[in-house]
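The values are calculated or read from the model by the stated rules, or taken from the named source; none is laboratory data. Fair warning: this is a prediction, and the values are worked out from it, not measured in the lab. Note that each Cβ is placed from the backbone with ideal geometry, even for glycine, and that neighbours are counted across all protein chains shown. Please note that ligands, DNA and RNA were not included when accessible areas were found on the heavy atoms of the full protein model with its side chains. Shrake-Rupley method; radii C 1.70, N 1.55, O 1.52, S 1.80 Å.
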Amino acid sequence: MLMRLRRRPPGFWAILRPALLVGAAALVLLAGCASLVQREADKQLRAGQREQALHTLEEGLRTYPENASLRSQYLRLRDETLEQWLADARRLRSAGQRDAADHALARAKALDPSNARVSQLVQSSATERRLMSSVQEAQRLMGRDQSAAAMRVIDEGLKADPDHEGLLALRRQVLAQQREHQLKTAQTGLAEQRPISLDFRDAPLRQVLDVVTRYSGLNFVLDKDIRQDLRVTVYLQQVRIDSALDLIVGTHQLARKVLDDRTVLIYPNTPEKQREYQEQVIRVFYLASAEAKGAAAFLKSMLKLKEPFVDERSNMLALRETPETVALAERLIGLYDTQEPEVLLELEVLEVRSTRLTELGVKLPGSVSLTPLPPAEGGPLSVANLRRLGEDRIGVSVGGVTINLRREVGDFEILANPRVRARNREKAKVLIGDKVPIITTTTGQAGFVSDTVSYLDVGLKLEIEPTVFANDEVAIRLALEVGSLAGQIKTGSGTVAYQISTRNASTSLRLKDGETQLLAGLLSKEDRSSASRVPLAGDLPVLGRLFSSQLDDGSRTELVLAVTPRIVRNLRQPEPSESELWVGTEAYTRLRQVGGRVAPEPTRASPTAATGPAGLPGASAPADGGSAAAGPLVLRWQPPPPIKAGQAFTLALDGDLGSGLRGLNLELRTAPAQLRLLEVKEGSLWRQGEAKVSLSSSSDERSGAIVTGVLRNQATSATGSGRILEWTLVASKAGALEVTLANALAVATDAGRPPVALPASLVLEVLP
């Protein structure tokens, strides 16, 4: 590539130099102005004027769009401000201050309209408002006993947000109420409960049912496969009508199904017809202690079940059977799924060791050595030099005299006191000691040497397997081993081996809860005696001690083990009324009373009994199976201490339950825009028996209405007197504040509606 250089005319640089100087000066001037903008923004930011600082930087960018430092500072401050406003919006939404949260989101949207997270939160806030309207509408419908319409509103709202807590709580509440109503209807059975008397001999079935229909108002539907010539002989005097029907169909290979409270279907009791007419129930059990596989085998052996579904991952068992079979399975699962017994074993291991060492006497030299010395003129010792040996040419070596006066006494106690908690029939292990390395050397071909290190447990090793019995006794399989290093042995190749002394004990015990068993007698005793004496002189009776030294060494070791079991939890022995179930016949399995009889119910005869044709007694007055009228719920306010505008305070409501209650819906009303709801808490009255409680609440500041519902999840009642609800509120302005309970709806366990005595309006003085 060829380049041609053109020589610039002499005046070119003279013209270009002033232009360059002017451009550089302009850049310096622009940079200086941008720095002023940044310093102003920093000053506003330090003063807490974040939005003003953003506005200053934005105006600076419009003036100096090419300044990278200014743009970087603006983007960083915008992102920090956006994160802060979004966090404030989430916090305000969690606190129930939706208007303030929407204001924070609006500011964030104006700051960065294209931000996806801001748009998502704005949409979520709008959805939340719609869902809160759904919650209020559902609560209004529930207050009017329109549970089906309320469920439709709830289901429609859950399509938008399946995890909405308020809607889910209302859904659980509606389902619980519907189930209670259905159970009550199912338990009531037929609408006609008055006793009836029947006297027929070899009469057609249709004639008998026609008479029952005429005098009870019940309707009967017969299956087409029932024989037309089926005849009935029955004599009953003043029995419940459903018991009479059970006896008629049970003695003629028939079965019945209640379609509604006044209609009964009768069909042949055959497997094909049972599959066609019997209702099916799916019941899911989540077992707490027992294994689902074992529970399935237990139910299959006790009942005629289809193959249950077992999920070992969640320990779940599912059945699809008739309601009667499922009711039996629930009772059996309640007996089978008992808590696993556990026991706390208190162990005390004591090793007592004592040593005694005594060494007394005089230890004289045991030998004298004579050594020829080399000649004085030097040179080695030779045979010729031995001829001239004399007293000065023989060296003498004599050992020293040692006087031994030593006495050593040692007493040692090694104590271990572990506590081990173990489940029934599962092993527990305890190791207190060291792991001693054992080195194994392997020599291969060509002189290759490799070392392998393994470890040996030395110390206190204890293995325990308890078995807890229902009578609060514990059988314990126990294995004890105590090891210690006795010495080291070095092999010819230089490898070190260890000598280990051990003591083992293995036994089986059966102790009562809290009983202590002491295992002792594992003794190890050793006595050693050695003496160093001068021959003959050391054997003299008394003087011999001057010519001898005596060493006496003795040691004694005893191992003691104390075991105390303490049962943490044990199997609960059920009462005979729980563990004994009457389940009907093999052809028709269902829960029955003891002896297979029908449970007696109090009846009340009517003043006049209707009489049918041929002297057939009609139905008497209805049975008085109901309970006494429930007492009213009396509510009363607990006024708060003096309150101030803008500060949170707690408004409490107490009550006296004239009868057991399961739930309560309340509507609190004040003047519009005077109160803001922060939090609602259920009172201690609803948590009796550690019951779980569902709570829902909604508020509308514009109308001044606060609707609150509380319901015990289980079908149990709260009784007595105590705290009903607590509202945490904020008064918006000073002055007189009137709070009124506009509506209250109590829910009993039998789906009844006990009366509620509302308190008078509460007038509060709000200080400025």
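List of remarks:
- When Pro640 is tested against (1) part of a loop (DSSP other than H, G, I, E, B); (2) modelled with pLDDT under 85; (3) over 30 Å from Arg421 (Cβ atoms), exactly one condition is not met: (2).
- Of the residues making up segment 522-567, those that are under 30 Å from Ala470 (Cβ atoms) and either in contact with an Asp or Glu (Cβ under 6 Å, 6 or more places away or on another chain) or free of Cβ contacts under 8 Å to residues at least 24 places away in the same chain (or both) number 3.
- Residues of segment 249-271 that turn out to be farther than 27 Å from Thr213 by Cβ and modelled with pLDDT of 85 or more, as a count: 0
- Qualifying positions in segment 298-320 - of a type in the set (Gly, Ala, Ser) and open to solvent by 50 Å² or more (accessible area, probe 1.4 Å): Ser301
- Of all residues assigned to segment 38-54, at least one qualifies as being part of a helix (DSSP H, G or I), open to solvent by less than 40 Å² (accessible area, probe 1.4 Å), in contact with a Gly (Cβ under 8 Å, 6 or more places away or on another chain) and modelled with pLDDT of 70 or more.
- Residues of segment 497-516 classified as open to solvent by 60 Å² or more (accessible area, probe 1.4 Å) and either over 17 Å from Ile567 (Cβ atoms) or touching a Ser or Thr at 6+ places or on another chain (Cβ under 8 Å) (or both), total: 8
- For first residues located in segment 79-93 and closer than 12 Å to Val118 by Cα, partners that are β-branched (Val, Ile, Thr) and lie 6+ apart or on another chain with Cβ distances below 8 Å form the pairs Leu82/Val118; Leu86/Val118.
- Among the candidates Ala760, Ala715, Ala742, residue that is on the phi < 0 side of the Ramachandran plot and at pLDDT 85 or above: Ala760
- Looking across segment 258-283 at every residue that is basic (Lys, Arg) and within 46 Å of the chain's Cα centre (by Cα), the one that is farthest from Leu317 (Cα to Cα) is identified as Lys273.
- Being surrounded by 13 or more Cβ atoms within 10 Å (Cβ to Cβ) and at pLDDT below 80 is a property that does not hold for Val563.
- Residue in segment 484-498 that is within 24 Å of Glu348 (Cα to Cα) and of a type in the set (Phe, Trp, Tyr) present: no
- Hits in segment 332-365 - residues which are closer than 30 Å to Gly400 by Cβ and among the hydrophobic types (A, V, I, L, M, F, W, C): Leu357, Leu360, Val362, Leu364
- When Val396, Val430 are checked against the criterion of being surrounded by 11 or more Cβ atoms within 10 Å (Cβ to Cβ) and part of a strand (DSSP E or B), a single residue qualifies: Val430.
- Residue list for segment 321-347, filter: open to solvent by 40 Å² or more (accessible area, probe 1.4 Å) and closer than 28 Å to Glu276 by Cβ: Pro323, Glu324, Glu330, Arg331
- Some residue of segment 122-136 being over 30 Å from Asp88 (Cβ atoms), part of a helix (DSSP H, G or I), modelled with pLDDT of 80 or more and not hydroxyl-bearing (Ser, Thr, Tyr): no
- Taken as a whole, the condition of being open to solvent by 70 Å² or more (accessible area, probe 1.4 Å), at pLDDT below 75 and farther than 30 Å from Glu348 by Cα does not apply to Glu413.
- Annotation note: Cβ proximity below 6 Å between a residue of segment 243-259 that is in contact (Cβ under 8 Å) with a residue 60 or more places away in the chain and a residue that is open to solvent by 60 Å² or more (accessible area, probe 1.4 Å) and outside any helix (DSSP H, G or I) (sequence gap 6+ or interchain) occurs for Ser243/Val598.
- Inter-residue pairs, beta-carbon under 6 Å, first over 21 Å from Val135 (Cβ atoms) and open to solvent by less than 20 Å² (accessible area, probe 1.4 Å) and in segment 655-672, second of a type in the set (A, V, I, L, M) and modelled with pLDDT of 80 or more, 6+ apart: Gly655/Leu633; Gly655/Leu635; Gly655/Ile724; Leu661/Ala718; Leu661/Ala746
- Number of positions in segment 517-526 that are open to solvent by 70 Å² or more (accessible area, probe 1.4 Å) and within 18 Å of Val409 (Cα to Cα): 2
- Restricting Ser549, Ser506 to residues that are of a type in the set (Ser, Thr, Tyr) and over 30 Å from Thr358 (Cβ atoms) narrows the list to Ser506.
- Candidates are the residues of segment 527-560 that are open to solvent by less than 80 Å² (accessible area, probe 1.4 Å) and within 60 Å of the chain's Cα centre (by Cα); the one that is farthest from Leu360 (Cα to Cα) is Val560.
- If the condition is being within 44 Å of the chain's Cα centre (by Cα) and either assigned to a strand (DSSP E or B) or under 13 Å from Ile706 (Cβ atoms) (or both), then segment 720-736 contributes Gly720, Ser721, Gly722, Arg723, Ile724, Leu725, Glu726, Trp727, Thr728, Leu729, Val730, Ala731.
- Residue within segment 690-709 that is within 17 Å of Ile643 (Cβ to Cβ), open to solvent by less than 20 Å² (accessible area, probe 1.4 Å) and in a strand (DSSP E or B) present: yes
- In the set (1) outside any loop (DSSP other than H, G, I, E, B); (2) more than 28 Å from Arg194 (Cβ to Cβ), Ser289 fails one condition alone, (1).
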